[in-house]
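I have placed the structure first, in the form of structure tokens, so that the comments after it can refer back to it.
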Amino acid sequence: MPRRCRWARGEPEIAYHDREWGVPLRSDRRLFELLILEGAQAGLSWSTVLRRRSGYRRAFAGFDPTRVSRFKPAAVERLLRDPGIIRHRGKIESAVTNARAFLAVQREHGAFAAYLWGFVGGRPIQRRRRAPRQVPAETAVSRDLSRDLRRRGFTFTGPTICYALMQAAGLVNDHVTSCFRHAQVSRLARQPGGGREAKRKSLLRLARRRT
């Protein structure tokens, strides 16, 4: 059995860790999905959010920021009764607010990905942490990102949430060195295009590993 980061202890964390976490993402829709899910996680475990991921996808229009930005108060009230998501008014309203701010960033920068990746110079930060205790909850970069997002009207984007977003979207490789994914994600980060093609190749490798 391959060695993993300690937080990936059961389904669905293992599947998410092995296939997605840390793979460089440059798709705006995928980044918007992570923005919603990381905000929803605040105060909860990641597994709680992952188990509701399909519910979030359905409830938030396939993570289409344009459609979510048009949600009216009646839609928020409906979502507060939806058992498929975390029924927290602040987090639901934040998703709508953030969708509008997300679109404004797209208009300014051409893509949210271009804006986000600018905080790391366009290339993933490669870490070589040996133990989970060495992985910080936030960094100077995540604090800068949080400050700028808040200035732009985003909510539920504190430094810790921003660092979790950076880890998930591959802006930083925080797999510990003993994890089998550390080297794989490091190689993916060096490939042109990083995101979708890198994830496809990663899934192919995992499929071969299981056969």
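The values are calculated or read from the model by the stated rules, or taken from the named source; none is laboratory data. Just so we're clear, the structure is a prediction, and the values are computed from it rather than from any experiment. We place every Cβ from the backbone using ideal geometry, glycine too, and count neighbours over all the protein chains shown. Note: accessible area is taken over every heavy atom of the protein model, side chains too, but ligands, DNA and RNA are not part of it. Shrake-Rupley method; radii C 1.70, N 1.55, O 1.52, S 1.80 Å.
Counting just the residues of the stretch 1-56 that are small (Gly, Ala, Ser), modelled with pLDDT of 95 or more and over 18 Å from residue 185 (Cα atoms), which one comes out nearest to the chain's Cα centre (by Cα)?
Checking each candidate, the answer is 39.
Could you list, in sequence order, all residues of the stretch 157-185 that are open to solvent by 30 Å² or more (accessible area, probe 1.4 Å), in contact with an Asp or Glu (Cβ under 8 Å, 6 or more places away or on another chain) and either part of a loop (DSSP other than H, G, I, E, B) or in contact (Cβ under 8 Å) with a residue 24 or more places away in the chain (or both)?
First, the residues of the stretch 157-185 that are open to solvent by 30 Å² or more (accessible area, probe 1.4 Å): 159-161, 177-178, 180, 183.
Next, only the ones that are in contact with an Asp or Glu (Cβ under 8 Å, 6 or more places away or on another chain) stay: 159-161.
Residue satisfying the conditions is 161 alone.
Going by the conditions given, is residue 22 exposed (fewer than 13 other Cβ atoms within 10 Å of the Cβ) and within 21 Å of residue 162 (Cα to Cα)?
Numbers: exposed (fewer than 13 other Cβ atoms within 10 Å of the Cβ): no; within 21 Å of residue 162 (Cα to Cα): yes.
Taking the combined requirement at face value, the residue does not satisfy it.
So which residues in the stretch 2-55 are in a loop (DSSP other than H, G, I, E, B), closer than 20 Å to residue 149 by Cβ and of a type outside the set (A, V, I, L, M, F, W, C), if there are any at all? Steps first, please.
In the first step, residues of the stretch 2-55 are kept if they are in a loop (DSSP other than H, G, I, E, B); the result is 2-12, 20-27, 42-45, 51-52.
Still in the running and closer than 20 Å to residue 149 by Cβ: 24-27, 42-43.
Correct list: 24, 26, 27, 43.
Quick check on the stretch 127-155: of everything there that is touching a residue at least 40 places away in the same chain (Cβ under 8 Å) and of a type in the set (D, E, K, R), which residue is nearest to residue 40 (Cα to Cα)?
So the residue we want is 152.
Which residues, taken from the stretch 80-104, are open to solvent by 20 Å² or more (accessible area, probe 1.4 Å), within 17 Å of residue 151 (Cβ to Cβ) and under 19 Å from the mean Cα position of the chain (by Cα)?
97, 100, 103
Given the options 67, 147, 133, name the one that is modelled with pLDDT under 95, out of contact with any Lys or Arg (no Cβ under 7 Å at 6 or more places or on another chain) and either surrounded by 17 or more Cβ atoms within 10 Å (Cβ to Cβ) or part of a helix (DSSP H, G or I) (or both).
Working: 67 fails: modelled with pLDDT under 95; 147 fails: modelled with pLDDT under 95.
Just one listed residue meets the conditions, 133.
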